[in-house]
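The values are calculated or read from the model by the stated rules, or taken from the named source; none is laboratory data. Just so it is clear, the model here is predicted, and its values are computed rather than measured. Backbone-built Cβ (ideal geometry, glycine too); neighbour counts: all protein chains shown.
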């Protein structure tokens, strides 16, 4: 059969993320943990921080071996900027 495109729709993906977050939070609470996850984006949560870029397995292995890769450097720069933003309490 052909590819099912239902998951390509933003509204469907958003609903799935919300349901996964709700289920995860119920399990965290049942385990007695004072933790929650939030399915919303940084922007939707009012956070003025940049998301990092997925590094992948190759970059992860290189980082463990002490090798530098461009994507790792870019993520380190993003993390540094985010740290400064958090210290300034720039969330909305």
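A few comments on the model shown:
- Against the numbered list (1) exposed (fewer than 14 other Cβ atoms within 10 Å of the Cβ); (2) closer than 27 Å to residue 85 by Cβ; (3) under 17 Å from the mean Cα position of the chain (by Cα), residue 34 comes up short only at (3).
- Sole exception among (1) at pLDDT 90 or above; (2) assigned to a helix (DSSP H, G or I); (3) surrounded by 10 or more Cβ atoms within 10 Å (Cβ to Cβ) for residue 63, by number: (1)
- Filter pass, residue 49 being closer than 29 Å to residue 84 by Cβ and either surrounded by 11 or more Cβ atoms within 10 Å (Cβ to Cβ) or in contact with a strand residue (DSSP E or B) (Cβ under 8 Å, 6 or more places away or on another chain) (or both): yes
- Filter pass, residue 90 being surrounded by fewer than 14 Cβ atoms within 10 Å (Cβ to Cβ) and either at pLDDT below 90 or more than 29 Å from residue 18 (Cα to Cα) (or both): yes
- Yes/no for residue 21 being out of contact with any strand residue (DSSP E or B) (no Cβ under 9 Å at 6 or more places or on another chain), at pLDDT below 90, surrounded by 13 or more Cβ atoms within 10 Å (Cβ to Cβ) and assigned to a helix (DSSP H, G or I): no
- Test: residue in the stretch 71-85 that is surrounded by 12 or more Cβ atoms within 10 Å (Cβ to Cβ) and modelled with pLDDT under 85: yes
- Hey, residue 35 in contact (Cβ under 8 Å) with a residue 40 or more places away in the chain and outside any helix (DSSP H, G or I) or not: no
- From the list 11, 41, the one residue that fits, being modelled with pLDDT under 90 and assigned to a helix (DSSP H, G or I), is 11.
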